[in-house]
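Below is one structure, written out as structure tokens, with a few remarks after it.
The values are calculated or read from the model by the stated rules, or taken from the named source; none is laboratory data. No experiment lies behind these values; they were computed from the predicted model shown. Don't worry about glycine lacking a Cβ; one is built from the backbone with ideal geometry, like all the others, and counts go over all protein chains shown.
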Amino acid sequence: MIKGLGAKLVMRDAARSAVAVGGIAVAVLIAFVEMGFMNGVVDSHLRMVEAARGDLVLLDARRSHLNKWDEILAIRLPQVRAVEGVVAVSPVYQAGKTFRAGPDQPDHRIVVVAFPPDNPPLDLGWSADTMALLRTPGTVLMDRLSRSIYGKLEAGQDVWLEGHLMRLGGFVSLGPTIVIDGTIAMSETTFRSLEPDGGPEMAVVRLAPGADPAQVKARVTAISGDSVQVFSKRELFDRESDYLMRVAPLGLLFGAGMAAGLFVGLVICYQVLYVAIRRRLAAYATLKAMGFPNGFVLRTVLEQAWAVGLAGYGVGLALAALAYHVLAAKTGLAIELNAARCASIAAACLAACTVAGALAALKAMRTPPADLF
Amino acid sequence: MSEHAIPLPGKVWRAALRAVTHRYHADPTLPPVLDAIDLTLAPGEFVILNGPTGSGKTTLMTLVGALRRHQSGFVEVLGRNLEGASESQLTALRRDIGFIFQDHHLFDALTPLETLRLAMQLKADRYGKRDYSERPAEWLQRVGLDGRMNARPRSLSTGQRQCVAVARALINEPQLILADEPTASLDAASAGIALETLRTAVLERDATVLMITHDSRQFALADRVVSLLDGRVQPALSAAAMRHSSNK
């Protein structure tokens, strides 16, 4: 029995199939790159939330997203510490400063993050050495994932923050965002030398073992009133993602790019299939004359669409993996492939090819077999 | 589609048409392409359909082949009345008919073996796994293609391709075979193989062949020649008389 007539038609028409596969691969690559930028911007923005070593995060009520900095009233932190179920409340200070790697180097803006050094509220890939260095006043730790504009830095060298001489003790890991080129971490004490009156932008709350986060959150909210927003990490993830996707609105911008890419794939797939069907119209009409139903013709064309779609997706995925590697290295953004993202583009690609195949098949399905005589 | 036999006395017909008129235009003042056609095709009959261009041969062929719906009169094919037949019923009926077209219309991607296996899928319930390897090979041997079973169509001659098309039409052993100038573009050897295969189907299986041809040398194969002129069947002549008439 002959199986996969459509697949045979694709395989044995190598030149035309290669054109279709190439076109779809480019469309898939465009969709992946658009998705990569979108997720890269969002995921990079969420690194700070991901790094929080605690169960709840406190933000000032005015801070509608993490790119907007508003200080929490300092008095709130000891109040929250006193709430039943709370073990620790750690402030996180953030400030934009000028950074200079040497006396004759240019200034660059950098974000300073600071916190109490004994139990840092952010996971920045600590080692025993970097934890010890963090406790040393006047010593700072550079985010090694920062963009290359800051130059080649080495542990032990002098750096200047807002004109203050500091010692670069070592390196931690956080990563830039679309608006932040680099980050430098320091202790609360060192930060005070730069900003004597600066308050925390965020606080990370650790709960006692067994404490119910929802109940503690309700208690914290009750004592803080309207001045503080309280989030679980998941809630803050969702809020920030929603802000970037809907309000920013990255979802629309990059979503339109992805849709355009897939539309290009659909058009290419349709065009190649349509030309192939026109060329074989008499053969399809013969199938119908012999007694094959229109469903068989549709299946045969869809098989071709899926075959070129899958091959195009495979090539596009390989190109996307390469593009992601280059883009992540160049931008510092968290541009990463994962199974869910690969599956979503695969599904969209196959859906586009199915639509293209069905539209192209109409030509063969509508051709009356009587015209063969 | 009614399963009732046509109310014609005394015989089972492979196809029967009564008072069939067909038009391609709505203007009643213009002549129809077929005008009050009466035609019966009996089992084991080899009938040649002949007539000048525009006489209605092709339309008649498509009506017998359930490829076109009749507009008036009565059409029964293989015991099935086509009045009011649904599209799927017509499609199912066509699986019992062998079609040979003037051009082979083979898929360029399929070898002769694969082409025949594809045709066998129409009657998949008849065949076992082994049949799909043995039966196409036997049929390709019969039409003289035993050395080219796995060749791609573009590497076959026109005659060889048409022989594949003949084998494709016959592999499911249909009771009714419709052939539209099957040898028009063939060399003598290929034409001989194609016609011999059709004749064998009539003699060995009692199949019925309705074949359009303009080649009067082929009239000798026929039991009967039906001549159309301006959409009407002309008075019957024997095949020998027709051949004699054409040779004048």
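Data overview
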{"item": "The one condition in (1) surrounded by fewer than 18 Cβ atoms within 10 Å (Cβ to Cβ); (2) in a strand (DSSP E or B); (3) not β-branched (V, I, T) that A:P196 fails to fulfil", "result": "(2)"}
{"item": "Leading residue by the ranking (surrounded by the fewest Cβ atoms within 10 Å (Cβ to Cβ)) among those in segment B:133-142 that are under 22 Å from the mean Cα position of the chain (by Cα) and within 12 Å of chain A (Cβ to nearest Cβ)", "result": "B:R135"}
{"item": "First in segment A:100-112 and acidic (D, E), second anywhere and not in a loop (DSSP other than H, G, I, E, B), Cβ under 6 Å, 6 or more apart", "result": "A:D107/A:T98; A:D107/A:R100"}
{"item": "Segment B:18-50, subset crowded, with 17+ Cβ neighbours inside 10 Å and within 14 Å of another protein chain (Cβ to nearest Cβ), residue nearest to B:R217 (Cα to Cα)", "result": "B:L49"}
{"item": "Checking A:A15 against (1) in contact (Cβ under 8 Å) with a residue 40 or more places away in the chain; (2) over 26 Å from A:A214 (Cα atoms); (3) of a type in the set (G, A, S), the condition it does not meet", "result": "(1)"}
{"item": "A:A318 away from every other protein chain (no Cβ under 12 Å), of a type in the set (A, V, I, L, M, F, W, C) and free of Cβ contacts under 8 Å to residues at least 12 places away in the same chain", "result": "yes"}
{"item": "Residue within segment B:217-240 that is assigned to a helix (DSSP H, G or I), touching a helix residue (DSSP H, G or I) at 6+ places or on another chain (Cβ under 6 Å) and modelled with pLDDT under 85 present", "result": "yes"}
{"item": "All positions within segment A:269-294 that are on the phi < 0 side of the Ramachandran plot and touching a strand residue (DSSP E or B) at 6+ places or on another chain (Cβ under 9 Å)", "result": "A:T286, A:A289, A:M290"}
{"item": "Residue count, segment A:288-330 (criterion: in contact with an Asp or Glu (Cβ under 9 Å, 6 or more places away or on another chain) and among the acidic types (D, E))", "result": "0"}
{"item": "Enumeration of residues in segment B:61-74 that are more than 10 Å from chain A (Cβ to nearest Cβ) and out of contact with any helix residue (DSSP H, G or I) (no Cβ under 6 Å at 6 or more places or on another chain)", "result": "B:V64, B:Q71, B:S72, B:G73, B:F74"}
{"item": "Meets criteria (within 24 Å of B:V209 (Cβ to Cβ), more than 12 Å from every other protein chain (Cβ to nearest Cβ) and not hydroxyl-bearing (S, T, Y)) for B:A169", "result": "no"}
{"item": "Filter result for the condition that a residue is in contact (Cβ under 8 Å) with a residue 12 or more places away in the chain, farther than 30 Å from B:F99 by Cα, buried (at least 23 other Cβ atoms within 10 Å of the Cβ) and more than 14 Å from chain B (Cβ to nearest Cβ), over A:G265, A:G332, A:G357", "result": "A:G265"}
{"item": "Residue that is modelled with the lowest pLDDT, among those in segment B:1-39 that are of a type in the set (G, A, S) and part of a loop (DSSP other than H, G, I, E, B)", "result": "B:A5"}
{"item": "A:A51 under 18 Å from the mean Cα position of the chain (by Cα), hydrophobic (A, V, I, L, M, F, W, C), at pLDDT 95 or above and closer than 14 Å to A:M202 by Cα", "result": "yes"}
{"item": "Subset of segment A:9-30 [buried (at least 21 other Cβ atoms within 10 Å of the Cβ) and over 37 Å from the mean Cα position of the chain (by Cα)]", "result": "A:L9"}
{"item": "Test: residue in segment A:60-76 that is touching a residue at least 12 places away in the same chain (Cβ under 8 Å), part of a helix (DSSP H, G or I) and either touching a Leu at 6+ places or on another chain (Cβ under 7 Å) or more than 14 Å from every other protein chain (Cβ to nearest Cβ) (or both)", "result": "yes"}
{"item": "Given (1) within 10 Å of another protein chain (Cβ to nearest Cβ); (2) crowded, with 23+ Cβ neighbours inside 10 Å; (3) within 27 Å of A:A7 (Cα to Cα), number of the condition B:R152 does not satisfy", "result": "(2)"}
{"item": "Candidate set: segment B:87-132, residues that are within 15 Å of A:M290 (Cβ to Cβ), of a type in the set (G, A, S) and surrounded by 19 or more Cβ atoms within 10 Å (Cβ to Cβ); chosen: the one nearest to the other protein chains (Cβ to nearest Cβ)", "result": "B:A119"}
{"item": "Meets criteria (within 14 Å of chain B (Cβ to nearest Cβ) and of a type in the set (S, T, N, Q)) for A:T286", "result": "yes"}
{"item": "Residue check for A:A340: part of a helix (DSSP H, G or I) and within 14 Å of chain B (Cβ to nearest Cβ)", "result": "no"}
{"item": "For A:L5: the one exception among (1) without any contact (Cβ under 8 Å) to a residue 12 or more places away in the chain; (2) within 14 Å of another protein chain (Cβ to nearest Cβ)", "result": "(1)"}
{"item": "Helices (runs of 4 or more DSSP H) enclosed by segment B:51-169 - at least 1 residues per element that are in contact (Cβ under 8 Å) with a residue 60 or more places away in the chain", "result": "B:57-64, B:87-94"}
{"item": "Enumeration of residues in segment B:183-216 that are modelled with pLDDT of 90 or more and outside any helix (DSSP H, G or I)", "result": "B:D206, B:A207, B:T208, B:V209, B:L210, B:M211, B:I212, B:T213"}
{"item": "Selection count, segment A:139-175, where residues are under 20 Å from A:T189 (Cα atoms), out of contact with any Leu (no Cβ under 8 Å at 6 or more places or on another chain) and free of Cβ contacts under 8 Å to residues at least 60 places away in the same chain", "result": "3"}
{"item": "Candidates B:E173, B:E181, filtered to the one that is on the phi > 0 side of the Ramachandran plot and free of Cβ contacts under 8 Å to residues at least 40 places away in the same chain", "result": "B:E173"}
{"item": "Any hit, segment A:248-256, residues being at pLDDT 90 or above, under 42 Å from the mean Cα position of the chain (by Cα) and within 28 Å of B:H104 (Cβ to Cβ)", "result": "no"}
